[in-house]
Amino acid sequence: MSELLKQLQRRRTFAIISHPDAGKTTLTEKLLLFGGAIQMAGTVKGRKAAHHATSDWMDMEKERGISVTSSVMQFPYGDGIVNLLDTPGHEDFSEDTYRTLTAVDSALMVIDVAKGVESRTIKLMEVCRMRDTPILTFVNKLDREGRDALDILDEIEEVLEIQCAPVTWPIGMGKRLKGVFDLRTETTHLFSATHGGKIKSGELIVGLDNPRLNEVLGDMADELREEIELVRGASHALDLDAYARGELTPVFFGSAINNFGVKELLDAFVEYAPAPRPRETRQRLVDPSDEKFSGFIFKIQANMDPSHRDRIAFMRVCSGSYTKGMKMRHVRIGKTVQISNAITFQADERRHVEEAWPGDIIGLHNHGTIQIGDTFTEGEELKYEGIPYFAPELFRRVVLKDPLRLKALQKGVLQLCEEGATQVFRPLKNNDLILGAVGVLQFEVAAHRLKGEYGVEAIVEAVSVSTARWVVCKDAKMLEQFKVKAHENLALDGDDQLVYLAPTRVNLSLAEERWPDIQFLATREL
Ligand code: G4P
């Protein structure tokens with residue numbers, strides 16, 4: 001087997017999707033712990049402080065206790081190499097999350113056993129469905145009283161429209177939590193609470209008829225036997241092909257904070273989750289085992305390290321391999337560049353990467369030439385597809401406190417847009433800068449960063465725009481007519497694409513009626 005094939009088959013690149021507070025951060029940390037990427041002791045509180053010190057770079061984030069930016073962690077697990085792409089939990093940064101999900105091969109969904117399916121989970125699931133991303137499910141917080149396990153599965157099936165195949169099953173819950181039963185191996189894993197950073201596994205009892213079960217579970221042993229029979233009859237069997245197609249999700253139960261059920265989850269994850277899969281480009285389907293290198297940029301993050309003031313473009317390697325010093329073609333601008341200082345993200349530190357394989361994420365230093373959606377190859381004219389920009393829902397005009405800082409403002413705003421942190425629109429009729437975002441918090445972050453990173457004191461104020469649509473028309477003459485008639489409402493985005501800024505929804509409907517041959521697009525694919 002070629003080195004390329006060997007390496008890519010070891011790769012598992014995924015993201016965790018969940019509603020805030022379901023336990024994503026806690027689970028991430030336990031995965032790193034089980035993977036041996038970090039050695040940790042101490043309490044959750046201590047962990048949170050340490051976590052902030054290493055991966056969070058913005059004061060605001062610390063103040064608010066939310067993770068604004070996503071990051072990447074790589075760690076070995078068994079024979080596998082796991083790439084975990086973190087996503088911001090706060091919904092105001094959902095665009096970033098959507099784009100990150102285009103760079104993974106599968107997802108892990110975390111559900112709070114007391115709360116069931118929540119709103120953010122529904123949205124993220126919709127995004128996963130666009131690419132039929134395979135999903136593994138972890139029902140968390142079993143150490144607390146929650147809802148009946150069958151009830152939770154019903155809700156997942158109904159609301160998220162995906163079949164559930166339980167792989168482990170809880171024995172009791174809350175104070176009565178005794179363990180989980182593995183339906184594949186018929187093994188009971190007894191629960192023992194372990195807070196903090198130690199890996200300690202409870203006793204394992206093999207076989208459902210094992211008399212030892214009666215000793216430790218008492219009356220609950222027979223209850224368990226009955227329940228397992230019921231579960232086997234009432235739920236879907238584990239069908240890995242259906243999982244790979246995104247139609248069925250294997251479900252695990254546990255308690256992340258107690259390291260409980262996490263090992264079962266991780267073992268199964270490495271076994272079931274797909275290695276890098278072929279990906280569509282505008283030109284052809286690219287197989288990860290193609291010898292020639294290719295990859296695309298799904299995220300740009302500025303000033304990750306305030307002392308360096310750098311911007312990093314995150315690239316997902318899709319085929320071939322990266323080796324330090326190699327030449328890559330930056331397809332959009334038609335230039336060949338030599339890359340010798342790409343970085344990798346191992347647990348809590350970044351270092352220079354010598355080689356990378358399909359599924360890996362590498363960071364390129366960006367001096368303004370790289371945009372989200374850019375494809376890099378070993379020469380071929382390819383363009384990876386499916387990285388979306390969403391029409392913002394909220395708009396603000398940026399107003400400078402010191403008019404002499406206009407240049408710095410423009411530079412700052414354009415760089416924030418390159419990152420996809422906000423979108424900028426420049427009306428054709430005047431020199432305004434209008435920011436567009438999906439969530440209000442994005443404006444606050446923009447103003448905060450303009451001040452901290454570009455030395456620009458700006459305020460954002462209300463502007464009468466309620467929605468935006470990218471304008472496309474095959475008929476050049478018609479487009480020119482439209483430009484004249486709709487001049488008042490037209491603007492250019494950060495990439496000089498034409499956008500219609502509608503003051504009201506009604507105005508947009510009228511424009512759509514009046515110009516049936518013009519397309520008004522709510523997403524722009526890069
Ligand atoms: P998130 O990233 O999805 O937002 O969730 P996070 O891991 O931060 O967890 C949210 C809260 O749920 C945290 O409590 C965390 O300790 C708790 N938690 C996570 N897993 C479990 C579990 O298995 N059982 C129980 N009982 N709780 C769990 P917090 O009070 O918000 O934070 P902290 O003060 O404990 O750090």
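Nothing in this text is a laboratory measurement; each read-out follows from the coordinates by a stated rule. Keep in mind the model is a prediction, meaning the values are calculated, not measured. FYI the Cβ positions are ideal-geometry reconstructions off the backbone, even for glycines, and counts take in every protein chain you see.
What percent does the relative contact order of segment 137-246 come to when contacts are Cα pairs within less than 8 Å and at least six residues apart? 21 percent.
Computed over neighbours whose Cβ is under 12 Å from that of Arg505, the net charge equals -1, Lys and Arg +1, Asp and Glu -1. Relative to its residue count, segment 391-525 spans a Cα convex hull of 100 Å³ per residue. Run the numbers on the chain and let me know its relative contact order in percent, using alpha-carbon pairs under 8 Å that are six or more apart. Computed value for the chain: 14 percent relative contact order. In the chain, helical runs assigned H by DSSP with n ≥ 4 each contribute -39500 (n - 2.57); averaged across all residues and rounded to the nearest 500, the mean residue ellipticity at 222 nm is -9000 deg cm²/dmol.
Rounded to the nearest 10 degrees, the angle from helix 119-130 to the longest Cα principal axis of the chain is 80 degrees. In this label model, Leu204 and Ala476 are separated by 6.9 nm, measuring between points 7 Å along each Cα→Cβ vector.
What the phi angles of segment 248-256 give under the Karplus curve with 6.51, -1.76 and 1.60, with θ = phi - 60°, is a coupling list of 9, 10, x, 10, 10, 10, x, 9, 4 Hz, glycine and proline written as x. The long axis of helix 149-160 is offset from the longest Cα principal axis of the chain by roughly 20 degrees. Computed from label points 7 Å out along Cα-Cβ, the spacing between Asp154 and His365 is 5.9 nm.
Between Glu3 and Asp517, the modelled label-to-label distance comes to 5.7 nm, taking each label 7 Å out from Cα in the direction of the beta carbon. Taking Cα centroids, how far is segment 368-407 from segment 220-263 in Å? When both Cα centres are located, 43 Å separates them. Secondary structure note: in the chain, about 75% of the DSSP beta bridges are antiparallel.
Computed from phi, the 3J(HN,Hα) profile of segment 279-288 under the Karplus parametrisation 6.51, -1.76, 1.60 (θ = phi - 60°) reads 10, 6, 10, 4, 8, 6, 7, 9, 8, x Hz, with x in place of Gly and Pro. Summing charges over all other residues whose Cβ lies under 10 Å from the Cβ of Lys324, with Lys and Arg as +1 and Asp and Glu as -1, gives -2. For segment 504-512, backbone phi angles converted through the Karplus equation (6.51, -1.76, 1.60; θ = phi - 60°) give residue-by-residue couplings of 9, 5, 4, 4, 5, 4, 4, 4, 5 Hz, Gly and Pro being listed as x. Taking amide H positions as modeled 1.01 Å from N, with prolines and chain starts lacking one, the residues under 5 Å from Ser192 and 5 or more places away or on another chain are Gly202. Summarising the amide proton neighbourhood of Gly494: residues at separation of 5 or more, or on other chains, whose placed amide H is nearer than 5 Å comprise Val424. Can you tell me the 0 to 90 degree angle between the C-alpha axis of helix 44-55 and the longest principal axis of the chain, rounded to 10? Tilt of helix 44-55: around 30 degrees. Taking a Cβ cut-off of under 9 Å around Val216, the surrounding Lys, Arg, Asp and Glu residues balance to a net charge of 0, with basic ones at +1 and acidic ones at -1. Listed by chain and number, the lysines whose alpha-carbon sits under 18 Å from that of Lys451, ignoring those within fewer than 8 places in the same chain, are Lys62, Lys401, Lys407, Lys411. With the biggest extent put first, the Cα atoms of the chain measure 83, 52, 44 Å across the principal axes. Potential lengthening of the chain between Asp495 and Lys123 amounts to 131.2 nm, from the contour at 0.36 nm per residue minus the alpha-carbon distance.
In percent, rounded to a whole number, the relative contact order of segment 391-525 is 30, using alpha-carbon pairs under 8 Å and six or more apart. The amide H of Ile81, built 1.01 Å from its N in the peptide plane, has Arg11, Arg12 as neighbours under 5 Å, considering only residues 5 or more places off or on other chains.
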